[in-house]
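This report refers to the structure that appears directly beneath it.
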Amino acid sequence: FVFGSGDPDADLLLIGEAPGEEEDYKGEPFVGNAGKLLDRILKAIGYNRNENVFVANIVKCRPPENRNPLPTEIEKCIPYLSKQINLIKPKLIVALGKVAAQTLIKDDKLIKEMRKKTHYYYDIPLIVTYHPAALLRNQSLKIDVWEDFQYIRDFMKS
């Protein structure tokens with residue numbers, strides 16, 4: 001069970017899809033290569049995951065063979081995530097990747113269609129960007145993610 005990590009009073013909540021193998025082993029989200037990249041991106045905008053940032057996932061357990069979570073798994077885990085959000089009360093939620101975005105926004109659009117818009121998860125502003133793992137596979141997405149994180153930085157200052 002990978003609950004999440006970071007500042008429980010965070011203004012910024014980052015949500016991915018599910019723990020990977022390394023996250024499952026260590027019991028923390030985003031600790032593998034994608035997590036290290038996320039840490040560098042956060043540092044570039046003046047943040048780190050221990051101060052004013054909380055990191056969680058849609059599902060709390062690693063799906064077999066790193067497959068995408070099934071709708072039934074998401075359905076069982078959403079109450080835990082909703083409780084986390086209610087306890088943390090973030091100023092902004094960032095959905096990292098397609099599964100997180102589609103689950104939270106309840107829309108099956110592509111990420112490129114959901115980016116650059118402010119959505120809401122109940123009354124909390126939510127933006128969508130690519131998952132850090134996607135950046136490791138496709139370097140051309142870095143420009144889009146950097147734009148998104150500059151927006152996050154500016155939003156958090158307002």
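The values are calculated or read from the model by the stated rules, or taken from the named source; none is laboratory data. Because the structure is predicted, anything quoted here is derived from the model rather than measured. In this analysis, Cβ positions are derived from the backbone assuming ideal geometry, glycine residues included, and neighbour counts consider all displayed protein chains. In case anyone asks, the SASA skips ligands and DNA or RNA and just uses the protein heavy atoms, side chains included. Shrake-Rupley method; radii C 1.70, N 1.55, O 1.52, S 1.80 Å.
Miscellaneous remarks
- Condition met for V94 (surrounded by 17 or more Cβ atoms within 10 Å (Cβ to Cβ), under 13 Å from the mean Cα position of the chain (by Cα) and farther than 19 Å from D9 by Cα): no
- Qualifying residue in the stretch 53-74 (condition: closer than 22 Å to M156 by Cβ, open to solvent by 10 Å² or more (accessible area, probe 1.4 Å), of a type outside the set (S, T, Y) and not in a strand (DSSP E or B)): no
- Qualifying residue in the stretch 128-149 (condition: within 17 Å of A10 (Cβ to Cβ), out of contact with any strand residue (DSSP E or B) (no Cβ under 8 Å at 6 or more places or on another chain), among the charged types (D, E, K, R) and open to solvent by 70 Å² or more (accessible area, probe 1.4 Å)): no
- The condition of being assigned to a helix (DSSP H, G or I), open to solvent by 10 Å² or more (accessible area, probe 1.4 Å), in contact (Cβ under 8 Å) with a residue 24 or more places away in the chain and in contact with a helix residue (DSSP H, G or I) (Cβ under 8 Å, 6 or more places away or on another chain) does not hold for A101.
- Any hit, the stretch 83-98, residues being in contact with a helix residue (DSSP H, G or I) (Cβ under 6 Å, 6 or more places away or on another chain) and more than 22 Å from D154 (Cβ to Cβ): yes
- Qualifying residues in the stretch 107-117 (those that are in contact with a helix residue (DSSP H, G or I) (Cβ under 9 Å, 6 or more places away or on another chain) and open to solvent by 60 Å² or more (accessible area, probe 1.4 Å)) - the one nearest to P71 (Cα to Cα): D108
- Selection count where residues are farther than 15 Å from L92 by Cβ, open to solvent by 10 Å² or more (accessible area, probe 1.4 Å) and in a loop (DSSP other than H, G, I, E, B), scope the stretch 31-48: 1
- Counting only residues that are in a helix (DSSP H, G or I) and either farther than 13 Å from G16 by Cα or open to solvent by 80 Å² or more (accessible area, probe 1.4 Å) (or both), the stretch 78-91 holds 9 of them.
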